[in-house]
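The values are calculated or read from the model by the stated rules, or taken from the named source; none is laboratory data. Please read these numbers as outputs of a predicted model, since none were measured by experiment. We place every Cβ from the backbone using ideal geometry, glycine too, and count neighbours over all the protein chains shown.
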Amino acid sequence: MSTQKIVILDFGSQTTLLIARRIREQKVYSEIHPYTLPLDKLAAMQPTGIVLSGSPASVYDDDAPISDPGIYGLGVPVLGICYGAQLMTIQLGGKVERAEKREFGEAQLHVEYAGGLFAGLETAPTHHRVWMSHGDRIEALAPGFAVSATSAHSPYAAIRHAEQPFVGVQFHPEVAHTLIGAEVLGNFIFGLCGCRPDWTMHSFIDATVAEVQAKVGADRVICALSGGVDSSVTAALVHRAIGDQLTCIYVNTGLMRAGESESVLRFFRETTRLKVIDVDGSGYFLAALAGVKDPEEKRKRIGNGFIEIFEAEARKVGQVRYLAQGTLYPDVIESVAFRGKAPIKSHHNVGGLPERMQLDLIEPLRELFKDEVRELGLELGLPEEAIYRQPFPGPGLAVRIMGDITAERLATLRQADVIVLEEMKDAGWYRKVWQSFAVLLPIQTVGVMGDGRTYEHVIALRCVDSKDAMTADWTRLPYELLGRISNRIINEVRGVNRVVYDISSKPPSTIEWE
Ligand code: XMP
């Protein structure tokens, strides 16, 4: 992999993640660290460039996040964004004050210096639509700095140092509303930092395979396959590195959607020679869930049962040293913790297992975002249907059946759910939404079929749009599609005579019903 790296110091802005993504989209590797990163550690990373992010704080607050001013002595180009530009200004001897007029949202940028961050934009108009979000502004430049662009309320909307590779922008190049954002970031990473666009999935695979081989040596690794994209890509990547030393364990809880895990298992069995232990736990889980109505109790029993079965199977594999798991970058970023914002902890998808079994972790996806994992999966040859699968909760259909879980009720829900999936896919909506699924309600309602009265179950249809599952809104599906789904469920699924559509957003509702 390329040894070039842009290090982003995070001061708590909501858009810090986007900076990393926008840089990676230009095929340059970038990673985020808290602003408290000690100078010697930063220097040891040998960054090709440093970006100082925005922040909800003001540089003059008592508890303002301030990074080590020693970074300006590392001989590395520095780009300050919003708060980052203001911090750079005061640390290098300029002045920042509360602006009389705050700028939030769109602003017109007037470029005065058509080089540096604005190189290559000469032929375009000198006015550009950018996105601002600040209450403070630079009032006096630090010695050696000059103005590169202005806006109506920011006389120093972009700045540059005359001799050193230090630049700053008051606007946010990382957000989509800043139309010249990619060019500005590109000018920093390619022009000022001299990076080459060589961070590709191909180079990532080569580097990660070598890393995993070096770490694992001759030891054995296990991995819990769930059928989801993260664990599948993890397994495929680790398998490419160490082949037979990897054993995957797939615990069939009997709570999966119809056919959902099969495509992944088929791929691994038929296309790769990955060793997969396929455990049928469906009877175990049905027994463990018998008579349990409380959602938390269901989750607890499923979680414990999963660990028990997985552990028993893993012990049969023999001496195992590592557990491979599909932790992604958003889970491991140590976000800056100030003003009550809690740091994000590393996720453990197989809760507690590494400690219990004294396994060390291998997390080959920990530097990647979800869309990068999908790209990687395609590169590794995984089937598209597995790569673009919607998220599915660990406890499976158990949290989509309100009340008792029985084999019969599972079969009813599964049938209805298949129809939802088929129709969503046929209509081209499956990939457009975050999740779409059926829920079985614990009530019966009256209907009429033929000449007879029916008294049967209700299926709720849940379909949401979301970016990260933290918030979600119900999808405005076309009436014709809703009609087709309802019609088919009532006609084809025995015991169901009514379908309703869930029109609640999250918050205050959640995506799953339990
Ligand atoms: P909620 O229902 O909390 O769901 O709005 C947010 C997202 O998380 C998924 N989900 C789970 N995923 N284990 C998982 O791996 C779980 O226990 C679990 N519960 C909910 C849900 O499908 C949605 O995408």
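Numbers for the structure displayed
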read-out: Segment 142-175, residues that are touching an Asp or Glu at 6+ places or on another chain (Cβ under 9 Å) and either part of a loop (DSSP other than H, G, I, E, B) or of a type in the set (S, T, N, Q) (or both); value: 144, 148, 150, 151, 152, 153, 154, 170, 171, 173
read-out: Among residues of segment 387-429, those that are away from the ligand (no atom under 16 Å from the Cβ) and assigned to a helix (DSSP H, G or I), counted; value: 16
read-out: Residues (part of a strand (DSSP E or B) and within 14 Å of residue 79 (Cβ to Cβ)) located in segment 11-31; value: 30
read-out: Which numbered condition residue 495 misses (of (1) within 16 Å of the ligand (Cβ to nearest atom); (2) at positive phi; (3) not aromatic (Phe, Trp, Tyr)); value: (1)
read-out: Sole residue being more than 16 Å from the ligand (Cβ to nearest atom) and touching a His at 6+ places or on another chain (Cβ under 8 Å), chosen from 265, 274; value: 274
read-out: Failed item in (1) hydrophobic (A, V, I, L, M, F, W, C); (2) closer than 25 Å to residue 199 by Cα; (3) at pLDDT 95 or above, with residue 416 passing the rest; value: (2)
read-out: Residue match in segment 468-490 (condition: in a strand (DSSP E or B) and away from the ligand (no atom under 16 Å from the Cβ)); value: no
read-out: Candidate set from segment 447-467 (those that are of a type in the set (Val, Ile, Thr) and in contact (Cβ under 8 Å) with a residue 40 or more places away in the chain); member that is nearest to the ligand (Cβ to nearest atom); value: 464
read-out: Within segment 257-293, tally of residues that are more than 22 Å from residue 416 (Cβ to Cβ), under 30 Å from the mean Cα position of the chain (by Cα) and acidic (Asp, Glu); value: 2
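Each row is one residue, and each column tells you yes or no for (1) touching a Leu at 6+ places or on another chain (Cβ under 7 Å); (2) part of a strand (DSSP E or B); (3) modelled with pLDDT under 95; (4) under 14 Å from residue 268 (Cα atoms).
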residue	(1), (2), (3), (4)
199	no, no, yes, no
203	no, no, yes, no
208	yes, no, no, no
213	no, no, no, no
223	yes, yes, no, yes
227	no, no, yes, yes
233	yes, no, no, yes
237	yes, no, no, yes
